[in-house]
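Novice: My questions all concern the structure below.
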Amino acid sequence: MPTTTLSTPIDTSRVSTYFSYLPVRIHKEIAAIDNATHDAIETCAPEGSKERKQALYRHTNPYGNPYALCHGECDIKKLEFFVKVVEMIWIDDDVTEELSYSLAQEEHDILRQGLDPRQDHNDNVGKTVGVKKQYLRDARDGMLALDPIGTPGVIQTLDRYLQEYDSSEQNFKTIEEYLPYRIPNAGYRVCCHFTRWAMDIHLTDEESESVREFEWTLGGVLALTNDYFSWRKEKLQSTDRIRNAVPVLMHQYGLSQEVARVLLKGFIVEEEEKAKNLRKKLEEGEMSPDMKRYVEALELYAGGNCYWSATCPRYNKPQEEE
């Protein structure tokens, strides 16, 4: 149970497709989180556009907002910026994943300029970036005003993510070579840093090293859980690069997509068990209050992701099927 009370617990037993042991909680400031979400949508997704329709549909889940479910113990003022930035990136992803690989990389580089004050004079908005670049600048400045000490590190991690996102044209042959790519590509590193920032968590170098395997294992759980639930949508998309574990397992073991998906679920459960054992190992030593909060936050992030993915229309009744 979290050591603070910014969130309330959710009974996951009412959702039959939720297969994780991880706890799920939802932030109490739902209205503020919804407002930040829709601010990003209304600003960054043009009215009547495909990405606007996708974004609005993404947030029709009656079981909760994904940010409220995944980040229930974050300070609301910081979480609002977190939501605006990540939702803007999600909107951008829905656009760039349908571009050619080379053009998508060019657009990512243009968007990255919004993080660098030295590029504030640069008015190049590319073919698809548009107002998202200025939106990112405004978020950057707001975050710096709120926390001038912690924000530069978050911006650096975010810049690295935008630089590396979808940065490989490789068709992965095995799940073992796919997973190290998929975890950061899912935005996990960024969201972990955002979480520490928004919860005012400060780990020593020794603590960061000791928690890394647990952190990375839950990153695999999160990324593969997303793949498990999103396959129904992604298999219908028009793109030259599908990033999902299901076709990787199909190719690796010569399986049908139905059997590959069952195998993927088993792999996720195994990784969760590994994470559970790693937590027990961490608890055998002395853990600082911040370390305990971070371990709990990572579990809530992965659990919230599974709960939202198991219930959202985006994955379970995709628009592409209509």
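Novice: Roughly what would the spin-label model give for GLU213 and ALA31, points 7 Å off Cα along C-beta, in nm?
Specialist: For GLU213 paired with ALA31, the spin-label model returns 4.7 nm.
Novice: Another one. Please work out the FRET efficiency for the pair ILE76 and HIS251, using the Cβ-Cβ distance as r and a Förster radius of 51 Å; give the result to the nearest 0.05. Don't jump to the answer; show the numbers that get you there.
Specialist: Details: r = 44 Å, r/R0 = 0.86.
So the FRET efficiency works out to roughly 0.70.
Novice: Give, in nm to one decimal, the length gained when the segment between ASP138 and GLN119 is fully stretched (0.36 nm per residue of separation minus the Cα-Cα distance).
Specialist: This chain segment gains 5.5 nm when fully extended.
Novice: Per DSSP helix of 4 or more residues, -39500 (n - 2.57); summed, then divided by the residues of the chain. What does that give at 222 nm, rounded to the nearest 500?
Specialist: Taken over the chain, the calculation gives -21000 deg cm²/dmol.
Novice: For SER49 and ASN316 in one chain, what is 0.36 nm times their gap in residues minus the Cα-Cα distance, to one decimal in nm? Intermediate values should be presented prior to the final figure.
Specialist: On the way: separation 267, 0.36 × 267 = 96.12 nm, distance 2.20 nm.
Contour length minus Cα-Cα distance gives 93.9 nm.
Novice: Label-point separation (nm) for GLN156 and GLU98, each offset 7 Å from Cα along Cα-to-Cβ?
Specialist: Modelled inter-label distance: 3.7 nm.
Novice: Give me the distance in nm between label points sitting 7 Å out from Cα along the Cα-to-Cβ direction at GLU177 and LYS276, one decimal.
Specialist: 3.3
Novice: Follow-up. Which pairs break 22 Å Cα to Cα here: LYS53/LYS127; LYS28/LYS132; LYS235/LYS317; LYS78/LYS133?
Specialist: Values: LYS53/LYS127 19 Å; LYS28/LYS132 28 Å; LYS235/LYS317 13 Å; LYS78/LYS133 20 Å.
Pairs exceeding the cut-off: LYS28/LYS132.
Novice: Can I ask one more? Place +1 on the Cβ of every Lys and Arg and -1 on the Cβ of every Asp and Glu in the chain, take the dipole about the Cα centre, and give the residue among SER309, SER210, ALA68 whose Cα lies farthest towards its positive end.
Specialist: SER309
Novice: Peptides 28-34, 92-98, 256-262: what's the order by average Cβ count within 10 Å, highest mean first? List each step's numbers first, then the result.
Specialist: Details: 28-34: 16.6, 92-98: 19.6, 256-262: 14.9.
Output ranking for 28-34, 92-98, 256-262: 92-98, 28-34, 256-262.
We did not get these values from a lab; they are worked out from the coordinates using the rules stated. It should be emphasised that the depicted structure is a prediction, and the values quoted were computed from it without experimental measurement. Glycine gets a Cβ as well: all are built from the backbone with ideal geometry, and neighbour counts include every protein chain shown.
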